[in-house]
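**Student:** My questions will all concern the structure given below.
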Amino acid sequence: VSLRKGKRSSDVFLKTFGKKRGISEGQTGDSDLPTVHIFSVASGHAYERLVGVMLTSVRKHTDCQVHVWMLDQFLSPSFKNVQIPALSKSLNFEYHFVSYKWPSWLMEEGGEQIGIRGDKQRLIWAYKILFLDVLFPLHVDRIIFLDSDIVVRADIRELWEMDMEGHAYGFVPFCRGTYDDPVTHRPIPRANNATIGYRFWESGFWKSHLGDTPYHISALFVVDLVEFRRQSLGDTLRSTYQGLGRGEDSLSNLDQDLPNYVQMNEPIFSLPQEWLWCESWCSDEVKPLAKAIDLCQNPQTKEPKMEMAKRVIAEWEAHDAFRESVVGAGDGVSQKQEL
């Protein structure tokens, strides 16, 4: 694990968003505020660009101290040596790069990693969920995972201090049920009717396996690392993965399917649905409630993420412009590059 400390916020953030990070109105310091630990992964310049936008959105909405943890082996030298130091200085956060050697007992006889199938994205998913108990030092008692393509619209402190009622981790269920409009008292459906036919978890194996228990999305989750380790949940996830990973048709969405599969024995705390809205699965009517927006791929349109970001998230371009002003033209990101 390598450490590079961030510094105090620069005037650039103040000029862009009208407020310094780390100091609330009426406060003279931030010593009484908690340090929120954010975990994320990224691979490729486009996703590193999205991480910069995500971190900008986090800092715009919280006065808490922030410590960012990222998997080392998937990041570019430009991100590690130029972008993250610049963002750290300007946005006032600290960071670690973390890594963990893939265990030998999760290898096939031929030397391949079980369940990865030569797919780099699956390897990233695996690292995201399988080694949560060993990636972070013991003094870190909670982490919040945020996908690189999330934009946060509320104070992340709410998740940091949320009572998960003894659960080791909490995820947001895919949009389901209704929301009662306080003005009209009309129940508003949370699900996007246009993609109802693509909600694979509401039929077949997942419906049979989970019954009425919700299927949760893995783009954002909170882990109580003390409870996670106490329950040996990391061992449970890895041993279950060892058994399921060899099946060609199993764990299609590895980082998401695995915790959902074991939740009948290892329950998931359902975080409020407002903490993860995505256009693909959630109705437009509940978008104003969103505290975080994720750029889930639409199964119908396959719209590129950058195009979706600009269309769906009003503030995305401002966040991206700020990121660009901080990291400069030397970040290696082509403005024409699309996901």
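**Student:** Determine the pairs where a residue that is over 16 Å from residue 57 (Cβ atoms), located within segment 297-326, has a partner that is assigned to a loop (DSSP other than H, G, I, E, B) and open to solvent by 70 Å² or more (accessible area, probe 1.4 Å) with Cβ atoms under 6 Å apart, the partner being 6 or more residues away or on another chain.
**Tutor:** Listed pairs, sorted by first residue: 304/338.
**Student:** Could you run through segment 304-339 and say how many residues are modelled with pLDDT of 95 or more, of a type in the set (D, E, K, R) and open to solvent by 10 Å² or more (accessible area, probe 1.4 Å)?
**Tutor:** Looking only at that region, the number is 7.
**Student:** Within segment 148-155, is even one residue open to solvent by 60 Å² or more (accessible area, probe 1.4 Å), touching a strand residue (DSSP E or B) at 6+ places or on another chain (Cβ under 7 Å) and not polar (S, T, N, Q)?
**Tutor:** Yes, there is a match, as at least one residue in segment 148-155 is open to solvent by 60 Å² or more (accessible area, probe 1.4 Å), touching a strand residue (DSSP E or B) at 6+ places or on another chain (Cβ under 7 Å) and not polar (S, T, N, Q).
**Student:** Same structure again: Looking at 260, 265, 298, which is the one that is in a loop (DSSP other than H, G, I, E, B) and modelled with pLDDT of 95 or more?
**Tutor:** 265
**Student:** Right, residue 127: touching a strand residue (DSSP E or B) at 6+ places or on another chain (Cβ under 8 Å), surrounded by fewer than 23 Cβ atoms within 10 Å (Cβ to Cβ) and farther than 19 Å from residue 238 by Cα or not?
**Tutor:** When the stated conditions are applied, residue 127 does not pass them.
**Student:** Filter segment 192-224 for residues that are more than 20 Å from residue 257 (Cβ to Cβ), touching a residue at least 60 places away in the same chain (Cβ under 8 Å) and out of contact with any strand residue (DSSP E or B) (no Cβ under 6 Å at 6 or more places or on another chain) and give the result.
**Tutor:** Passing the criteria: 193, 194.
**Student:** Out of curiosity, is residue 71 in contact (Cβ under 8 Å) with a residue 12 or more places away in the chain, under 19 Å from the mean Cα position of the chain (by Cα) and open to solvent by less than 60 Å² (accessible area, probe 1.4 Å)?
**Tutor:** yes
**Student:** Then there is this: Select from segment 175-185 the residues that are in a loop (DSSP other than H, G, I, E, B) and either on the phi > 0 side of the Ramachandran plot or not β-branched (Val, Ile, Thr) (or both) and write down the one among them that is surrounded by the most Cβ atoms within 10 Å (Cβ to Cβ).
**Tutor:** Ranking the candidates gives 175 first.
**Student:** Next up: Would you check which residues across segment 83-108 are surrounded by fewer than 17 Cβ atoms within 10 Å (Cβ to Cβ) and either at pLDDT below 95 or in a loop (DSSP other than H, G, I, E, B) (or both) and list them?
**Tutor:** Listed by number, the residues that qualify are 99, 100, 101, 102, 103, 108.
**Student:** Taking the criterion of being surrounded by fewer than 18 Cβ atoms within 10 Å (Cβ to Cβ) and out of contact with any helix residue (DSSP H, G or I) (no Cβ under 8 Å at 6 or more places or on another chain), would at least one residue in segment 166-174 satisfy it?
**Tutor:** no
**Student:** With (1) in contact (Cβ under 8 Å) with a residue 12 or more places away in the chain; (2) closer than 19 Å to residue 218 by Cβ; (3) of a type outside the set (Phe, Trp, Tyr) as the list, and residue 257 as the residue in question, which single condition is left unmet?
**Tutor:** (1)
The values are calculated or read from the model by the stated rules, or taken from the named source; none is laboratory data. This is a predicted model, so every value here is computed, not measured. Every residue, glycine among them, receives a Cβ derived from its backbone with ideal geometry; neighbour counts consider all protein chains shown. Calculation scope for accessible area: heavy atoms of the full protein, side chains included, ligands and nucleic acids excluded. Shrake-Rupley method; radii C 1.70, N 1.55, O 1.52, S 1.80 Å.
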